[in-house]
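The block underneath contains the structure these notes are about, expressed in structure tokens.
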Amino acid sequence: LLLLCYTEETAVIVSGLKNTDVFVGESATFTCELSHPGVKNVQWWLDGTPLHNNFVTEISQQDGLIHTLTLNDVACHDSGTVTFRAGSLISSAKLLVKGILLLE
């Protein structure tokens, strides 16, 4: 009988966050995939401010491996650095929210 026990130290980021450009009013989605489930202290930040699940910010996970952040109805002031932290693992990416230029 082989029992595998994964700790936070053995988990790695398989696929990190990617820089994302969206227009005002759109949604921006960031995904981070871990090699093992069960990593504690998972948290998302936008420019150093912790994010929490609400009607604008959707935080979800699938099988403890794929962690997803969706920012809905973004505004220009939402541009900044999105950071995902799981235990000692960290991944960051830039969010650029572009305004819509109306030409007549």
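Residues Thr57, Thr29 ordered from highest to lowest accessible area at a 1.4 Å probe: Thr29, Thr57.
Per the Cα gyration tensor, region 13-98 maps to an equivalent ellipsoid with semi-axes of 22, 12, 11 Å, ordered largest to smallest. With all protein chains in place and ligands, DNA and RNA left out, the 1.4 Å accessible area ranks Ser88, Ser35, Ser27 as Ser88, Ser27, Ser35, largest first. Of the residues Val82, Val12, Val42, the one whose Cα sits farthest toward the positive end of the charge dipole of the chain, with +1 on the Cβ of Lys and Arg and -1 on the Cβ of Asp and Glu, is Val12. Ligands, DNA and RNA excluded, the heavy atoms of Asp73 present near 110 Å² of accessible surface to a 1.4 Å solvent probe.
The values are calculated or read from the model by the stated rules, or taken from the named source; none is laboratory data. Values in this document were obtained by computation on a predicted structure and should not be read as measured data. Because the Cβ atoms are built from the backbone with ideal geometry, glycine has one as well, and the counts that use them run over all protein chains shown. Remember, those area values only see protein heavy atoms, side chains included, never the ligands or the DNA or RNA. Shrake-Rupley method; radii C 1.70, N 1.55, O 1.52, S 1.80 Å.
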